[in-house]
Each structure stands twice: as C-alpha cells, then as structure tokens.
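Asks: Structure incoming, see below.
No lab work stands behind these numbers, since they all come straight from the coordinates. Quick caveat: nothing in here was measured; it's all calculated off a predicted structure. Using ideal geometry, Cβ is built from the backbone for each residue, glycine included, and neighbour counts are taken over all protein chains shown.
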C-alpha cells in the first residue's frame, strides 16, 4: 500500500517518533557517501511561493543521490486546464514521489487517491505536516521527549497551528492556543483531532508556565488583502520579551519563518537566546530526508 503524508496524523505516534529519531541521526552523522535515493525522482508542484520547502527537498534529494523537479504552476500544464487527476496519473508514472504546495487540502487528497507513488503535503490551507516534523525534531533535540510538556501557540489559527494540534495528540503534550476572535483554528480540525488542546482567551494565559512558545506570521499567503485588518486584530498577540517572561525560564521560542520583526515577534525574542528558529529551519532538511526514506520503505 502506498504511503502518503497529507497531514501529520497520517503517521502513528510510533512512526512519527521513528522519523524524528532518524532525522536527528542523519543530522548528527550525515552519510555523505551514501546514495540511497540514486535513480529516484521527486516531482515538486508549487502553486505558492517557497524558500525552505523547496530548498530543503531539493537539497535532501541531492545529498542522497536523487533528483528533484521544480514544477511551477505558471510554467506547466498544471497552471492551465489540465485536471489534477490527469497530472497525478502522469507524474506518478514518471516520478517516485510527489510533493505539492498549494491552496487545497481536498486537491491533495484527490492527487494521492490517483497516484501510484507517495504524495507529500508541502503546505495546504489546512495542514503543514513537514513543518511540524522539523519543529518536533528541534524541540526534542533541545529538551527531550515532549510528553507531558506544554506548548503555547500565539497568533493566527492557521495551517501550522492545525498541525500542532495533531502533534499534541500524537506525542501527548498540552497545546494552549490563543488567537483573536474570528481567527481561531478550524473547528472541524479541533473536533476531529481531539487530544490535549485548550483554547484560551489571551496570549498571557497561553504562555503562562509554557515549555515552548510558537507563533507565525499574522498574514499568511493568500490573505494579503486583510493585512491592515489583521495588524489591528492581532496587536495584543505579539511575542515579545514581556510575554516570554511569563513562560518557564528555560522556555524555547519557535517560528516557522518568514518572520516580521515588530509584528508577530519582537527582534529581541527571535534573535535572542531562547530562540531556536535557525535550528528549526535547518531541520526541514533532515526531517524531510528521513520522511522520504520512510515513505519509500
């Protein structure tokens, strides 16, 4: 049966821990001479801009002897009138896996249904599982097993937030979410995932005694027309040093990037000693190499 990663919960808790352990092992001792992906090709479909997703997948394939194809909607038939179903049938006969970064989780599900090869969600409007692999790898490397700990999510209840909700259930930690009214996580995702998730009324309530504080940009791709409205709505949700002081003394700070200093996070926090955002960014590479290994087993 073909494995896919369309959302984090496609992995069991044991499988997730296995991928995370392998990612850290690859990072600690990269097998430079190994070429386990030799002869394999990854098709990467992008309808949304990317830095870390594109570079990490391309670099990971190259490090292990494989090849990644960058397919941008505007320069392929994907961006014209070819049905996604036809794209799935064609690409899965030519390539060994497909990564797609787009606006529609439903389209990704359809792509996976018709594909002969693994399909990976590189970001959709609902989930960002590859980001969580890197985040969880980073947290585990710095603080050990997340079980029983507390994460504070502050800001927009977006796709990354949804993947954190799934992570909380899989790895048995508490997730406190603070969002402005009208910008909370999708109710269906919260309901379907279950697990130790608390929706709280303020950033201070979320962060109090937390082990990890996480935020993201207030205006995600596709919502640029709402920027001014969002800046006003989110004004009380900036992660600054005063807010971080309410978390545990050894609390870490994460942001999936790109970041807007002075908006969702202050410069002294993201560039300060509690921030692990650069480890987090690097770990996109190792986590995705480990994921591809697992998908191709």
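Asks: Count the DSSP beta bridges whose two residues both fall in the chain, then state the antiparallel fraction as a percent rounded to the nearest 5.
Replies: 0
Asks: Give the Rg/Rh ratio for the range 70-160, taking Rg as the radius of gyration of the Cα atoms and Rh as the Kirkwood radius, to two decimals.
Replies: Dividing the radius of gyration by the Kirkwood radius yields 1.09.
Asks: Sticking with this structure for a sec: For the range 131-280, what's the relative contact order in percent, using C-alpha pairs closer than 8 Å and at least 6 residues apart?
Replies: For the range 131-280, the relative contact order is 24 percent.
Asks: Moving on. Pick from 207, 276, 189 the residue whose mean-square fluctuation is largest in a GNM of the chain, springs joining Cα atoms under 10 Å.
Replies: 189
Asks: If you don't mind, another one. What angle, in degrees between 0 and 90 and rounded to the nearest 10, separates the Cα long axis of helix 105-114 from the longest principal axis of the Cα atoms of the chain?
Replies: That helix lies at roughly 30 degrees to the long axis.
Asks: What is the Cα coordinate range of the range 240-297 on the first, second and third principal axes, sorted by size from largest, in whole angstrom?
Replies: Result, largest extent first: 47, 24, 14 Å.
Asks: Oh, and also: Taking the Cα atoms only, what angle lies between the long axis of helix 129-143 and the longest principal axis of the chain, rounded to 10 degrees?
Replies: Taking the Cα atoms of the chain, the angle to 129-143 is about 50 degrees.
Asks: Any chance you could get the radius of gyration and Dmax over the Cα atoms of the range 8-99, in Å?
Replies: Over the range 8-99's Cα set, Rg and Dmax evaluate to 15.3, 45 Å.
Asks: Among 296, 153, 218, rank each residue by its count of other Cβ atoms within 10 Å, from fewest to most, as a rough exposure measure.
Replies: Listing 296, 153, 218 from fewest to most nearby Cβ atoms yields 296, 218, 153.
Asks: Counting other beta carbons within 10 Å of each Cβ, put 229, 147 in order, fewest first.
Replies: With the sparsest Cβ surroundings first, the list reads 147, 229.
Asks: In addition: Given only helices, namely DSSP H runs of n ≥ 4 each adding -39500 (n - 2.57), what is the per-residue ellipticity at 222 nm of the chain, to the nearest 500 deg cm²/dmol?
Replies: Calculated at 222 nm, the ellipticity per residue is -12500 deg cm²/dmol.
Asks: Among 294, 139, what is the fewest-to-most ranking by other Cβ atoms within 10 Å?
Replies: 294, 139
Asks: Oh, and also: Could you tell me which label, among (1) 6, 19, 23, 21, 16, 10, 4, 0; (2) 6, 27, 32, 22, 10, 3, 0; (3) 6, 29, 35, 22, 7, 0, carries the value of P(r) over Cα pairs in 10 Å bins from 0, in percent calculated for this structure?
Replies: (3)
Asks: Could you calculate, for the range 218-259, the ratio of the Cα radius of gyration to the Kirkwood radius, expressed as Rg to Rh?
Replies: When Rh is taken as the Kirkwood radius, the ratio is 1.06.
Asks: Relative to the longest principal axis of the chain, what angle (0 to 90°, nearest 10) does the C-alpha long axis of helix 277-295 take?
Replies: The answer is roughly 40 degrees.
Asks: Once you put a point 7 Å from the Cα of residue 147 and another 7 Å from the Cα of residue 208, both along the Cβ direction, what distance in nm separates them?
Replies: In this crude spin-label approximation the distance works out to 2.8 nm.
Asks: Could you work out the relative contact order of the chain? I mean the mean sequence separation of Cα pairs under 8 Å and 6+ apart, divided by the number of residues, in percent.
Replies: Averaging sequence separation for qualifying contacts and normalising by length gives 20 percent for the chain.
Asks: Across the range 131-280, what fraction of all alpha-carbon pairs, as a whole percent, falls in each successive 10 Å bin from zero upward?
Replies: 12, 46, 36, 6, 0
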